[in-house]
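Participant: Sending over a structure as structure tokens; questions will come in a sec.
The values are calculated or read from the model by the stated rules, or taken from the named source; none is laboratory data. Since the model is a prediction, treat every value here as computed from it, not as a measurement. Positions of Cβ are generated from backbone atoms using ideal geometry, with glycine treated the same way; all protein chains shown enter the neighbour counts. All accessible areas refer to the heavy atoms of the entire protein, side chains included, with ligands and DNA or RNA removed. Shrake-Rupley method; radii C 1.70, N 1.55, O 1.52, S 1.80 Å.
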Amino acid sequence: MHLYQRLPIFVFEIEACEDLKFITMAIRFNLDHSGQHLSLADWQRLPYEARETLASCVPGDEDFAARLDEIAEQHLGQPIERSIDAAPTAWQDTNALPPGLLKQCELADLLPPDVGDWGTLTAFRRYVLTKLSRRDTLNHCFVPAMLEFGLAQTQADL
């Protein structure tokens with residue numbers, strides 16, 4: 001069985017995350033949720049088995065922080081950094097589209113989703129789209145994520 005069939009990995013992440021070389025969106029969510037920071041370099045220093053253990057945590061897993069602390073202490077020899085500032089929470093608002101999402105839609109030549117459709121997404125999916133929209137340049141995963149979540153609509157589709 002492929003790793004992506006056992007772990008919370010979106011289809012748009014399979015190519016980048018199948019071998020756990022990169023941090024999955026579920027792990028990013030759990031890091032932000034727990035106020036922890038793990039660099040890509042530190043992630044890649046972890047043994048594969050440790051990365052797989054962390055990747056098996058579902059989004060919002062309350063045990064994630066403790067598991068990560070234990071794994072980091074064991075394999076990195078240091079505790080995980082804690083964020084002083086809270087992670088951005090624009091994804092939590094179900095009544096408004098985040099500005100970054102609107103910018104990504106513009107860059108990708110997509111119509112923004114309807115606010116009602118945005119509100120029906122799970123919190124995790126809203127988080128993912130917001131996370132993919134944090135830069136002013138088009139994120140290569142944004143359009144595939146919008147397609148996977150059923151939100152991609154171009155002017156030509158109308």
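Participant: Taking 0.36 nm per residue of separation and subtracting the Cα-Cα distance, what length does fully extending residue 63 through residue 123 add?
Facilitator: The residue 63-residue 123 span can extend by a further 19.7 nm.
Participant: Only four residue types carry charge here, +1 at the Cβ of Lys and Arg and -1 at the Cβ of Asp and Glu. Report the dipole size of the chain about the Cα centre in Debye, rounded to the nearest 20.
Facilitator: 160
Participant: Please give the per residue accessible area of region 3-158, computed with a probe of 1.4 Å over protein heavy atoms only, in Å².
Facilitator: 54
Participant: With a/c under 1.5 counting as rounded, go ahead and sort region 89-158 into rounded, prolate or oblate using the C-alpha gyration tensor (a ≥ b ≥ c being the square roots of the eigenvalues; past the cut-off, prolate if a/b is larger than b/c, else oblate).
Facilitator: Verdict is oblate for region 89-158.
Participant: Also: How much length, in nm to one decimal, is gained on full extension between residue 138 and residue 115, taken as 0.36 nm per residue of separation minus their Cα-Cα distance?
Facilitator: Gain in length upon complete extension: 6.2 nm.
Participant: If you count only protein heavy atoms and use a 1.4 Å probe, how large is the accessible surface of residue 82, to the nearest 10 Å²?
Facilitator: 120
Participant: A further question follows. At a 1.4 Å probe radius, which order do 140, 37 fall into by accessible area, largest first?
Facilitator: 140, 37
Participant: Mind giving me the FRET efficiency for residue 45 and residue 18? R0 is 25 Å, r the Cβ-Cβ distance, nearest 0.05 is fine.
Facilitator: Approximately 0.85, to the nearest 0.05.
Participant: If I stretch the segment between residue 56 and residue 82 completely, what's the gain in nm (0.36 nm per residue apart, minus their alpha carbon distance), one decimal?
Facilitator: 7.2 nm
Participant: Dividing the alpha-carbon Rg of region 16-67 by 2.2 N^0.38 Å yields what?
Facilitator: 1.01
Participant: Also, I was wondering about something else. Can you classify region 72-123 as rounded, prolate or oblate using the Cα gyration tensor, where a ≥ b ≥ c are the square roots of its eigenvalues, rounded means a/c under 1.5, and otherwise it's prolate if a/b beats b/c and oblate if not?
Facilitator: Taking the square roots of the gyration eigenvalues as a ≥ b ≥ c, region 72-123 is prolate.
Participant: To continue, here is another question. If you add up the charges near residue 80, with Lys and Arg at +1 and Asp and Glu at -1, over every other residue whose beta carbon is less than 12 angstrom from its beta carbon, what do you get?
Facilitator: -3
Participant: Same structure, new question: Where nothing but the Cβ of Lys and Arg (+1) and of Asp and Glu (-1) is charged, how large is the charge dipole of region 63-131 around its Cα centre, in debye to the nearest 20?
Facilitator: With Lys and Arg at +1 and Asp and Glu at -1, about 100 debye.
Participant: If you don't mind, another one. For the chain, just list the percent of Cα-Cα distances falling in each 5 Å bin from zero outward, please.
Facilitator: 1, 9, 18, 20, 19, 14, 10, 5, 2, 1, 0, 0
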